[in-house]
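Asks: After the structure tokens below, expect a handful of questions from me.
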Amino acid sequence: MSNTQARVPLKARKVSFSWDGTPLHWVPEDPFTTHTINVLHLLLPAGERWFVHVYKQVLPYIRDERLREDVIGFIGQEAMHSQAHDEVLPHLREQGLDPTPYTAQVDWFFEKLLGDRTLPPGRPRRWWLMERVALIAAIEHYTAFLGNWVLNAGELDRRGADPTMLDLLRWHGAEEVEHRSVAFELFMHVDGSYSRRVRTWATAFSALVFLWQRGTRFFMENDPTLIDGKASFKDFHVRGRQGLLPTTGDMVRSIPRYLSRDYHPSQEGDTEQAVAYLAASPAATAAEKRSA
């Protein structure tokens with residue numbers, strides 16, 4: 001097993017962040033990059049609560065003790081991510097950006113559209129559970145992709161991005177890289193159907209693109225400091241070329257990787273780099289001290 005694939009026991013780190021000194025545009029003079037990344041604070045809490053909810057239902061289907069341990073570790077980490085991003089929202093409200101109209105839509109998406117359905121027990125109920133397990137595997141492909149990107153996004157540091165926000169993003173990104181294989185291995189263990197993998201990838205990718213651009217537009221239009229806040233795909237493309245956001249090309253190339261029949265998430269990112277960041281992260285090391 002290479003370093004990239006080394007298995008590490010997953011544990012939730014009880015981090016906390018203080019947002020008092022973080023400006024509204026935490027990437028200086030760049031509201032578009034700031035708000036594109038800020039969408040994470042709106043999407044992730046509901047999404048990760050939903051992951052935890054689905055995974056608690058799938059635990060009885062796991063017949064491999066090591067995978068069960070990984071899934072339990074994953075649940076702990078995701079619950080912590082959800083909480084950490086949730087805590088940014090009051091700070092945004094204080095700065096005149098109330099995300100409630102948008103988060104209400106995201107909550108509806110995860111709780112109602114993708115929530116539990118009153119299906120008869122047996123095959124229909126199992127079918128819906130497996131669809132959601134496959135959806136999570138597809139979404140986790142992108143969280144690992146983004147985690148790997150933010151760990152290596154040196155341009156954000158060069159532009160003077162707020163260190164507390166960078167630590168939140170990189171602590172989260174490092175844990176996404178650390179547990180990147182769990183969702184896919186769970187899906188392969190309980191189901192593994194290739195047609196389901198392709199179908200749910202298409203759903204997950206379309207939903208993420210739709211929700212993300214909608215969230216960025218919402219922030220740009222409601223930012224009290226902008227007179228005519230607009231967001232366009234061109235802005236995204238340009239920031240990608242500058243190293244401030246993932247590049248369009250990298251995102252497109254991530255698609256055939258996931259759809260390849262011999263895909264495994266260990267191909268994304270590097271466990272060693274993730275573990276090294278977690279050992280140095282101000283929030284993660286403070287959490288370690290508190291728990292000790």
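What follows is calculated from the coordinates using simple rules that are stated; it is not laboratory data. It should be emphasised that the depicted structure is a prediction, and the values quoted were computed from it without experimental measurement. Reconstructed Cβ throughout: ideal geometry from the backbone, glycine too, with neighbour counts over all protein chains shown.
Asks: Just flag the trypsin sites (Lys or Arg not before Pro) in region 92-122 sitting in loop per DSSP whose Cβ has no more than 16 other Cβ atoms within 10 Å. Write down the numbers at each step before the final one.
Replies: Numbers: sites: Arg93, Lys112, Arg117; in loops: Arg117.
Counting only loop positions with at most 16 other Cβ atoms within 10 Å, the trypsin sites (Lys or Arg not before Pro) in region 92-122 are Arg117.
Asks: Related question: If you plug each phi of region 264-274 into the Karplus form 6.51 cos²θ - 1.76 cosθ + 1.60 with θ = phi - 60°, what whole-Hz ³J(HN,Hα) values come out, in order, with x for Gly and Pro?
Replies: Using θ = phi - 60°, the values come out as 9, x, 4, 5, 9, x, 9, 4, 4, 5, 5 Hz.
Asks: Can you pull the one-decimal nm distance between simple spin-label points at Asp64 and Ala79, each 7 Å off the Cα toward Cβ?
Replies: Taking the simple label geometry, Asp64 and Ala79 are separated by 2.4 nm.
Asks: Please give the FRET efficiency for Arg253 paired with Ala292, using the beta carbon to beta carbon distance and R0 = 45 Å, rounded to the nearest 0.05. All intermediate terms of the calculation are to be shown ahead of the outcome.
Replies: Values: r = 42 Å, r/R0 = 0.93.
My answer for the efficiency is 0.60.
Asks: Would you list, by chain and number, the lysines whose Cα falls below 19 Å from the Cα of Lys289, excluding same-chain residues fewer than 8 positions away?
Replies: Qualifying lysines at Cα under 19 Å: Lys11, Lys14.
Asks: Going by average Cβ neighbours within 10 Å, how do the peptides 193-200, 32-39, 11-18 rank, with the highest at the top? List each step's numbers first, then the result.
Replies: Details: 193-200: 14.8, 32-39: 23.8, 11-18: 16.8.
Ranking the peptides 193-200, 32-39, 11-18 by packing returns 32-39, 11-18, 193-200.
Asks: Using only alpha carbon pairs under 8 Å that are at least six residues apart, calculate the relative contact order of the chain and give it in whole percent.
Replies: Working: 339 pairs, mean separation 90.4, N = 292.
Here the relative contact order equals 31 percent.
Asks: Follow-up question, since we're still on this one. For Lys234, go through the lysines and keep the ones whose alpha-carbon is under 24 Å away, minus same-chain ones fewer than eight residues off.
Replies: In chain and number order, there are no partners.
Asks: What is the fewest-to-most order of Arg158, Arg125, Arg239, Arg180 by other Cβ atoms lying within 10 Å of their Cβ? Before the final figure, lay out the partial values.
Replies: Details: Arg158 10, Arg125 15, Arg239 20, Arg180 25.
Final ranking by Cβ density, sparse to dense: Arg158, Arg125, Arg239, Arg180.
Asks: Rank these for me by crowding, Phe145, Phe233, going from fewest to most other beta carbons within 10 Å.
Replies: Values: Phe145 23, Phe233 10.
Fewest-to-most Cβ neighbours within 10 Å comes out as Phe233, Phe145.
Asks: I would also like to ask the following. May I ask you to evaluate 6.51 cos²θ - 1.76 cosθ + 1.60, the Karplus curve with θ = phi - 60°, for each residue of region 171-178 and list the ³J(HN,Hα) values in order in whole Hz, giving x for glycine and proline?
Replies: Each residue's phi maps through the Karplus curve to give 4, 5, x, 5, 5, 5, 5, 4 Hz.
Asks: What whole number of Å gives the distance from the Cα centroid of region 96-137 to the Cα centroid of region 159-183?
Replies: 25
Asks: Hey, another quick one. With labels modelled as points extended 7 Å from the Cα through the Cβ direction, what inter-label distance (nm, one decimal) is found for His264 paired with Ala202?
Replies: Label at His264, label at Ala202, 2.8 nm between them.
Asks: Going by C-beta contacts inside 10 Å, put His85, His91 in order with the fewest on the left. Can you show the working numbers first?
Replies: On the way: His85 23, His91 17.
Listed from fewest to most nearby Cβ atoms, that is His91, His85.
Asks: Going 7 Å from the Cα of Asp235 toward and past its Cβ, which residues in region 81-122 have a backbone nitrogen under 19 Å from where you end up?
Replies: Under cut-off, by backbone N: 92-93, 95-103.
Asks: Under the rule of -39500 (n - 2.57) per DSSP H run of 4 or more residues, summed and divided by the residues of the chain, what mean residue ellipticity at 222 nm is obtained, to the nearest 500 deg cm²/dmol? Could the numbers behind the result be given before it?
Replies: Working: 13 runs with 195 residues, N = 292.
Calculated from helices alone, the mean residue ellipticity at 222 nm is -22000 deg cm²/dmol.
Asks: Calculate one ³J(HN,Hα) per residue across region 134-149 by plugging θ = phi - 60° into the Karplus curve 6.51 cos²θ - 1.76 cosθ + 1.60, and present them in order as whole Hz with x for glycine and proline.
Replies: These are the phi-based 3J(HN,Hα) values: 5, 4, 5, 4, 5, 5, 5, 4, 7, 5, 5, 4, 5, x, 5, 4 Hz.
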